[in-house]
1. Which ones in the range 18-36 are loosely packed, with under 15 Cβ neighbours inside 10 Å and hydroxyl-bearing (Ser, Thr, Tyr)?
2. Are any residues in the range 189-209 among the small types (Gly, Ala, Ser) and farther than 26 Å from Leu87 by Cβ, and if so, which ones?
3. Being within 27 Å of Gln5 (Cα to Cα) and touching a strand residue (DSSP E or B) at 6+ places or on another chain (Cβ under 9 Å): is that true of Phe198 here?
4. Mind checking whether some residue in the range 193-204 is exposed (fewer than 15 other Cβ atoms within 10 Å of the Cβ), more than 25 Å from Tyr11 (Cα to Cα), free of Cβ contacts under 8 Å to residues at least 60 places away in the same chain and in contact with a Pro (Cβ under 9 Å, 6 or more places away or on another chain)?
5. Only one of Ile157, Ile234, Ile214 is at pLDDT 85 or above and either in contact with a helix residue (DSSP H, G or I) (Cβ under 9 Å, 6 or more places away or on another chain) or of a type in the set (D, E, K, R) (or both); which?
6. Of all the residues that make up the range 212-240, how many are touching a Pro at 6+ places or on another chain (Cβ under 8 Å) and either loosely packed, with under 15 Cβ neighbours inside 10 Å or closer than 18 Å to Leu87 by Cβ (or both)?
Amino acid sequence: MLKKQAELKAYYDNFPNIDATTNLTNPDIKKAEEFTKSILNRKPSGRVTEKDTACHVLNKLLGNKDQQCLFYDSASGINLHDASGNLADIGFEDKPFVLKLNSIQGLGGDKSTKTDEDDIKLVEILENFIEQNKSHAIIEDICDRLAKAHGVDKNSIVIKNVFFGTFNVVYTVLNLARTVVTELHKTSQKLKAQFGQFVSAKLHPLLFRPSFDIAFFDARGNKTFSSQSETYQIGPPGRTKTYTTAPGWTRYGLNVLGKSAYVNDDWLHPFQHAGNWYRAFHGTGGAQQIDFRDSNAYSGENTACVDALSSIFQDGFRPARTAAYGPGVYCSPNPVWLEDSRYAGKVELDTAQGKKKFK
């Protein structure tokens, strides 16, 4: 129990503070906005191995018409939260908030004074109730207050974890509406009004205007694959799957190794370690307007495949409309087949080398 609590605390304490993330008067944010404009307002070079093109691609993936990503250079003294270490979470449908309180005192109608030991014991009890999906007066009270603070129905609040180090609540807001996201700068004040023991509120780094240090690219992962596919066996002994490289494609390495969210780097590095995750490819070439939960996320037929990348980031994968082998999300371990099919979309980008098509 103590080990799990320590791991939760280490992971979630690294989330950025909502107030710091949404404070548009922060000098570092202003500098990052100018730096971002200097990149995105220029045509990308068109050379896929250069960072400016990579930044345009990343903004297409994670940004949308309501908000862009922020790029900054830590070498210039700008100090923002680098979200690159959380890119492995990109497919998570619900990205959590973390509410920090001084104490559990006052929740669930219990107004008695609580000691640190009382809070620790109660955290253990609440964790068991959460794991078993059982109702508890304190959990219900927290959900009520969170729903009021975010302006959503109580059923949209899902408590994921609680952990001590004061008292912390990890929760998500289901189907997070764009209006809720744009009102995040008011969230702390609304939470403070609901929780007398309020200390701070944090959010997942990819949830709102993710910021990236341009040093987040990890050269160890950069690679332009040869024109001929190669195959490798990935996964644990006896249960390996074939990984086929994407011929002629360029891969950007991102700084996701050595992160506290994972016990070690075996999931990715070294290549072909028995702990490596399986690898497969998902194409968005067939994306249509009906595939978007938020109609504002769809900007047109010509760019639907790129809009779909942002939609997957924001809302998670959508089950396939045509499900020949049953409901679910379809992917392929063979990028050659995917590239030659209708599933790999193409987008034309105006670059310094003229108009170029990117898959």
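1. Within the range 18-36, just Thr25 meets the criteria.
2. Scanning the range 189-209 gives Ala193, Gly196.
3. Here the answer is yes, as Phe198 does meet what is asked.
4. no
5. After ruling out the rest, the residue left standing is Ile157.
6. 4
Results for (1) among the hydrophobic types (A, V, I, L, M, F, W, C); (2) out of contact with any Ser or Thr (no Cβ under 8 Å at 6 or more places or on another chain); (3) modelled with pLDDT of 85 or more, shown as yes or no for each residue.
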site	(1), (2), (3)
Glu50	no, yes, no
Thr53	no, no, no
Val57	yes, yes, no
Leu61	yes, no, no
Leu87	yes, yes, no
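The values are calculated or read from the model by the stated rules, or taken from the named source; none is laboratory data. Quantities reported herein were computed from a predicted structural model and do not represent experimental measurements. Positions of Cβ are backbone-derived with ideal geometry, glycine not excepted, and every protein chain shown enters the neighbour counts.
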